[in-house]
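J.: Supplied in structure tokens, the structure appears directly below.
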Amino acid sequence: MAYRGLTIIFASFLLFLGHCGYSNGECADGGCNSTGLGSSELLTRQPAEDSCYNNSTSVALSCSEPGTLEGPSDNTCNDGTWEKGPTNCTVYCSPPTDVQNLELDPDLMRYEEGDEITFSCSTGYKLTPDSPKSAQCTNMGSLNSTRNPECIAFNCSAPSSMDDNLDWTDKGNETYKGDQTIQYSCAEGFKLEGSETNTCMDQDEWENEDPTCNSGNVVQVFWYFFLMTTFYSIFSFYM
Ligand SMILES: *[C@@H]1O[C@H](CO)[C@@H](O)[C@H](O)[C@H]1NC(C)=O
Ligand SMILES: *[C@@H]1O[C@H](CO)[C@@H](O)[C@H](O)[C@H]1NC(C)=O
Ligand SMILES: *[C@@H]1O[C@H](CO)[C@@H](O)[C@H](O)[C@H]1NC(C)=O
Ligand SMILES: *[C@@H]1O[C@H](CO)[C@@H](O)[C@H](O)[C@H]1NC(C)=O
Ligand SMILES: *[C@@H]1O[C@H](CO)[C@@H](O)[C@H](O)[C@H]1NC(C)=O
Ligand SMILES: *[C@@H]1O[C@H](CO)[C@@H](O)[C@H](O)[C@H]1NC(C)=O
Ligand SMILES: *[C@@H]1O[C@H](CO)[C@@H](O)[C@H](O)[C@H]1NC(C)=O
């Protein structure tokens, strides 16, 4: 009697396992594991079995928003293996559009979930102070930055040096374009000390101090005396 009761319980248990489609954690003979269809949370399977599909079952696959279906849109369990590879539901984000002079790194038509974009501006332009410097593509299919970046032109005011002997590119201009490099030079007989070039940086200020123009007098006087004494020595030697 007890033996028969146990048999019934055991048989019911086997039936229960059979109904769920697996035994010992594996799918029944010829059945396929549902994970083989794809692992995205956005993937919808029809019919929607929990873990195993019976042999010879066909499944329709689709992606819910914002996923983009990549891979097969249906699959069939064929004697323990799926006929086709897994299906992805990839989430893409678009980069900011219609932003003048904006540069993206990396520069792509679309970004995948988790990708990070770094913003910068083209030559002579800089990001406004409240622009985001980067953004990440979220699982919602949108960038996580709250606003679009914006690029504005920047410039530097003319070098302030009062040194009359110092000249530079387009001396007399009141402003110079951002990222522009100018070249300095000194009047004849003067030696440039400091940097020969300067660049307008995006803090609206020049990278370097203005150079100075120094007369080479000390050196000239030294050479003058050196040559005079040499000539005088040679001259007096032959006299
Ligand atoms: C299905 O595959 C997953 C991952 O490979 C595994 O964790 C799970 O136990 C499998 N399920 C069955 C019923 O075989
Ligand atoms: C699965 O189905 C196919 C086609 O119906 C059949 O040939 C095969 O024997 C089945 N496999 C199992 C393990 O039942
Ligand atoms: C899978 O096969 C089992 C045993 O043949 C059956 O009881 C069950 O209804 C089948 N499941 C589906 C979804 O066809
Ligand atoms: C699905 O995603 C995986 C991992 O990103 C990738 O290796 C595979 O090529 C993708 N499959 C399809 C069909 O796009
Ligand atoms: C966007 O996500 C990145 C990475 O998680 C984070 O560092 C950044 O602060 C986020 N930006 C905003 C505006 O939430
Ligand atoms: C120079 O930059 C300032 C802002 O810093 C701007 O107001 C001005 O219009 C710019 N000038 C030129 C000539 O681009
Ligand atoms: C100086 O001004 C002239 C005339 O406006 C312009 O063509 C030139 O590009 C300017 N130079 C610089 C360095 O901004």
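The values are calculated or read from the model by the stated rules, or taken from the named source; none is laboratory data. Worth saying up front: this structure is predicted, and the values here are computed from it rather than measured. SASA here: full protein model, heavy atoms, side chains in, ligands and nucleic acids out. Shrake-Rupley method; radii C 1.70, N 1.55, O 1.52, S 1.80 Å.
J.: Amide H neighbours of SER215 under 5 Å, counting only residues 5+ apart in sequence or on other chains, H built in-plane at 1.01 Å?
T.: Under 5 Å from the amide H of SER215 lie the amide H atoms of LYS191, each far enough along the sequence or on another chain.
J.: Here is a follow-up. On a full-extension model of 0.36 nm per residue, what is the gain between GLU112 and SER195, subtracting their alpha-carbon distance, rounded to one decimal in nm?
T.: 25.3 nm
J.: Starting from the Kirkwood Rh over alpha-carbon pairs, what translational D in µm² s⁻¹ does segment 34-89 have by Stokes-Einstein at 10 °C and 1.306 mPa s?
T.: Rounded, D is 143 µm²/s.
J.: A follow-up question, please. Whole number in Å², please: accessible area per residue of segment 34-101, 1.4 Å probe, ligands, DNA and RNA not counted.
T.: 56
J.: Rg to Rh for segment 99-148: what is it, with Cα atoms only and Rh by Kirkwood?
T.: So for segment 99-148, dividing Rg by the Kirkwood Rh gives 0.97.
J.: Can you give me the Cα centroid spacing of segment 152-166 and segment 38-77 in angstrom?
T.: Each part reduced to its Cα centre gives a spacing of 66 Å.
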